[in-house]
Structure formats: C-alpha cells, structure tokens
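Values quoted throughout were computed directly from the atomic coordinates according to the rules given, and no laboratory measurement underlies them. The structure displayed is predicted, hence computed values, not measured ones. In this analysis, Cβ positions are derived from the backbone assuming ideal geometry, glycine residues included, and neighbour counts consider all displayed protein chains.
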Amino acid sequence: QAGEAVPAAQRGSWTSFLKSIASFSGDLSSLTAPPFILSPVSLTEFPAYWCERPELFAAIADAKTAEDRSLAVLRWFISTLKGQYTSRNESMGSEKKPLNPVLGELFYGYWPDKDGRGRTNLLVEQVSHHPPVTAYVIENKTKGVKLVGHNAQKTSFSSGSIMVRQVGHAILTVAPPGGRKDEYLITLPRLRIDGLWYGSPYVELAENSYVVGGGYISSIEYKGRGYFSGKSHTFKAITTPDSSAFASSSKPIPTGREHITEGTWHEESKFTKTGVEFHNVHGPKEEVTVIGGVSGGEMGEFETRNLWSAVAKGIKEGDYEAASREKSKIENDQRQRRKDEQAAGTTWPFKHFNRLESDPIYEELAKVVKLTPPVEDIYEFQENWPPTFSA
Ligand code: CLR
C-alpha cells in the first residue's frame, strides 16, 4: 500500500514530495521533505564510511606483491559498501534525507591505533553548497595509506525511483615506509533509490565502478534483486593486470590471468574459481571518533556536530518546529554571507583544499578503462591538518 511506512499525518506531504521529485531533476537537497524522512546527520559525515574497518585500510600497505595489493584495495573498497549504502536503514529504519552541508562546513575525526595498525585521521570540508560537493582526506601515516576525494550527486527520477549518478572520484595513495608507491583511481557506483512509494527508501547499486592502479584494474559490476543470483546487493568483480582486456568495451575480455570475486557486498564474497572467502563484513565496524579542530580540541562554528546540533536535536526529539526554525537560521546566515561576499567582491576561501580544473593522475588512469568524462576537477589537500591532530 502507498505510504505504508509513513506516519498517517504525513502521508499527504509524502505524496506531494514524491510528485515534486518526479517533475524535477538536479539538486534534491533543495526540496522540502516531510519530517519523518529527515536524518539528523550531515553529508559531511559520510566520508567516514570509507574507514569503518580501519584494519582493512591499513592492511593495504602490508600486501607483498602488486597483485595482492590490488586485491587488498578491492577488499577494503567492497567492505566499505555496507556502511556507505545500508547503514541508515540499520540505524534509522530506512534511507533518509541527510542534512545539506553549508559551504565551509568541517568535520574532523580519527580511528585510534590498535594492534599496530596505526592511527587513521579524517578531515572533511564542504567545498560547494549548491550543488553540494564534499571534499575529504583519510590518512594512516604510520602505514603510508591515504585517500583523497570529493563527492557530488546528479539525481533524476525514473519509473518510481531516484537515480543518483555520483560525480567525483577518489585517489588512494599507497606508499609504505621503504616500499613501492602506487596510486589507485576509485570511481563511484550509481545508486537507485527504491521503496519510495511505501515511504521506506533504500539504496541499490547499479552498473559498474572501477579501481585502477598499481598495474591492475578491478571492474566491479553491481546487480540488485532479480539479476545474477536473484539477491539484492550483489556484485561481481574482475581484477586483471591486462589493460588490453578493456580494449573494446568496459567488460574485460578474459585472459586467464584475472581474479573473479563475487557475492553480496553487505555480507560476504568468494573467489569464484577456488571458493576461498574474499571479503566478509559480518563483524562489527568502528565508528569514527569525532574531534574539534580548534586548538584545545574545541569545535568551531562551522564544525558539523556544532553547527547542526540544535537542528539534529529537534529531528531526534520529534520537535520539527524547532528543527526547521534552527535550520532557517543557518540558511539565512548563509545567504547573508554570500551577499556580503558579493558586495565585497570576495569569495569564501577553502580551509584545506585547492580546486584544480584537472588531475593528471585521474586523466592517466581514466584512459586505461576509457572513462567518461576523461577529465575531472579535483580538490587538492593542502596538507594542513589542524593542530588538534598532532596532540
Ligand atoms: C554520499 C557519498 C557517500 C555514499 C552515499 C550514500 C547515500 C547517498 C549519499 C552518498 C548522497 C545523498 C543521497 C544518499 C542516499 C539518499 C540521499 C543520494 C552518495 C538523497 C539526497 C536523499 C533523497 C531523499 C529520499 C530518501 C527521500 O560516500
């Protein structure tokens, strides 16, 4: 039944929300949604999903051969998908509409050292408001593993689902002390948001994404219910040293040197030929420890958990009037800042990143699998971790 999962009093506004997205394409963040679907979490917190299994991130540096390293990168990547795409369903019952970060919003955190894996730091900055673009860096200095990326979304509506194309990419640099340095390009899958009709949205992944670098290419294909095995959240990855295998299409031609892994990304997967386990995410994840970026560990005005605290409180406690009042305050302040900047002929300076029109690493690796677009902008990290990270 339509709106089954929607509180009775909000069914009307849910149907009008669905109508508005059906006749709309672009930046979903600007649409007003009914309260039951609002999440108290800002999009700036999402990059933390990349490292909720810090031991797998660190393990990339310990792989001995180029082949093992590329499989370790793929294993870490696949193991992040459960958190990235199903965790709101687990914690809040369905996918929800995240808080739309303001320009210059900051989010800092870390995962502590444990069992010699080293400490991993996280730094996130919102580098555009409309459309939302989030830049981030995650680094384990002890191991020499670093991920720098940015994220935006292009959305459209098709036969009852929201289709999301992720714009942006990430570069993973692996350079263990005294070891070989490799750079991997990580592209992002397409999302399909289903279950809207019932008011209980969830994400399914579609088409394919790549991990390219270190002399290897992993091409990952995603399927939902009713494909491959009939199960949802299914993937099949082919990891090969043969870039010529991609000569005529995005589907590699088998050469006998490839590793094929398949399974469900939110559960486990195996090597197709041997049946040996490849990844398994049944075990617990580790949430990031959030820290303030101001010296002394305090949180500045634009740090996510501080900026949104009153809005988040309203959403969590069901006081939606307070939430929307507090949200308006933030938005009005933003509008005023943009006006003042315009009048003064200035723009908001980024704190941690430089925007560059193109990225030579992306261009080189994108060629290998003939990615479109062939050129993408990047946000280069300025290597200026706040003082609180060296404490
Ligand atoms: C952000 C980057 C992360 C992976 C990720 C997971 C879920 C995505 C999110 C990204 C972007 C925003 C998103 C969300 C799912 C739903 C939400 C597309 C890609 C949209 C804006 C909300 C739609 C509103 C309905 C749920 C009502 O690494």
Gained length - Ser158 relative to Thr142, 0.36 nm times residue gap less alpha-carbon distance: 1.2 nm
In segment 137-154, whose amide N lies under 20 Å from the spot 7 Å out along Cα-to-Cβ of Ser243? List them in ranges. none
Please report, in Å, the Rg and the Dmax of segment 47-162, where both are computed over Cα atoms only. 16.1, 49
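Relative contact order for the chain: what is it in percent, counting Cα pairs under 8 Å that are at least 6 residues apart?
On the way: 791 pairs, mean separation 59.3, N = 391.
Rounded, it is 15 percent for the chain.
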Based on the alpha carbon coordinates of segment 1-54, what radius of gyration and maximum Cα-Cα distance (Dmax) apply, in Å? 14.7, 43
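Looking at this model, which pairs from Lys251/Lys273; Lys143/Lys285; Lys223/Lys367; Lys114/Lys236 are more than 22 angstrom apart at the alpha-carbon? Provide the component values of the computation, followed by the final result.
Working: Lys251/Lys273 19 Å; Lys143/Lys285 20 Å; Lys223/Lys367 25 Å; Lys114/Lys236 32 Å.
Distance filter (> 22 Å) returns Lys223/Lys367; Lys114/Lys236.
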Here the FRET efficiency for Glu268 versus Asp62, based on Cβ atoms and R0 = 22 Å and rounded to 0.05, is 0.55
Please work out, to two decimal places, the log10 of the ratio I(q)/I(0) at q = 0.10, 0.12, 0.15, 0.24 Å⁻¹ from a Debye calculation in which every Cα of segment 15-115 carries one identical scatterer. -0.43, -0.58, -0.80, -1.29
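How much mean residue ellipticity at 222 nm does the chain get from its helices, if each DSSP H run of length 4 or more adds -39500 (n - 2.57) and you divide by all residues, to the nearest 500 deg cm²/dmol?
Working: 7 runs with 92 residues, N = 391.
Helices in the chain give a 222 nm mean residue ellipticity of -7500 deg cm²/dmol.
Give me the orientation-averaged projected area of the Cα convex hull of the chain, in nm², one decimal.
Its Cα hull, projected and averaged over all orientations, spans 20.6 nm².
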With charges set only on the Cβ (+1 for Lys and Arg, -1 for Asp and Glu), what does the dipole of the chain come to about its Cα centre, in debye to the nearest 20? 660 debye
Zone of Asn384's modelled label, taken as backbone nitrogen in segment 354-370 under 11 Å from a point 7 Å along Cα→Cβ: 354
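Between Tyr320 and Val276, what FRET efficiency comes out of the Förster formula 1/(1 + (r/R0)^6) with R0 = 51 Å and r the beta carbon distance, rounded to 0.05?
On the way: r = 50 Å, r/R0 = 0.99.
Given R0 = 51 Å and the Cβ-Cβ separation, E is 0.50.
In the neighborhood of Ser39, defined by Cβ-to-Cβ distances under 11 Å, what is the net charge if each Lys or Arg adds +1 and each Asp or Glu adds -1? Don't skip to the end; give the middle numbers.
Working: positive: Arg88, Lys96, Lys97, Lys316; negative: Glu45, Glu95.
That sum, taken over residues with Cβ under 11 Å, equals +2.
For segment 269-344, report the translational diffusion coefficient in µm²/s to the nearest whole number, using Stokes-Einstein at 20 °C, 1.002 mPa s, and a Kirkwood Rh over Cα pairs.
Translational D for this selection: 129 µm²/s.
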With bins 10 Å wide starting at 0, give me the P(r) of segment 243-386 over every alpha carbon pair, in whole percents. 9, 16, 22, 26, 18, 9, 0
Calculate the spin-label point distance for Glu287 paired with Ser91, positioning each point 7 Å from the Cα along the beta-carbon direction, and give it in nanometres. 0.5 nm
Pseudo-spin-label distance Lys19 to Ser328, built 7 Å along Cα→Cβ, given in nm, is 2.4 nm
Which residue, Gly179, Gly118, Gly256, has the most motion in a Gaussian network model of the chain that connects Cα atoms within less than 10 Å? Gly256
Using only alpha carbon pairs under 8 Å that are at least six residues apart, calculate the relative contact order of segment 1-152 and give it in whole percent. 20 percent
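Given a Förster distance of 22 angstrom, what is the FRET efficiency for Val294 paired with Arg355, based on the Cβ-Cβ distance and rounded to 0.05? Working shown, then result.
Working: r = 25 Å, r/R0 = 1.11.
Result of the calculation: an efficiency of 0.35.
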Which one, Gly300, Gly230, Gly215, has the greatest fluctuation when you compute a Gaussian network model over the chain with C-alpha springs under 10 angstrom? Gly230
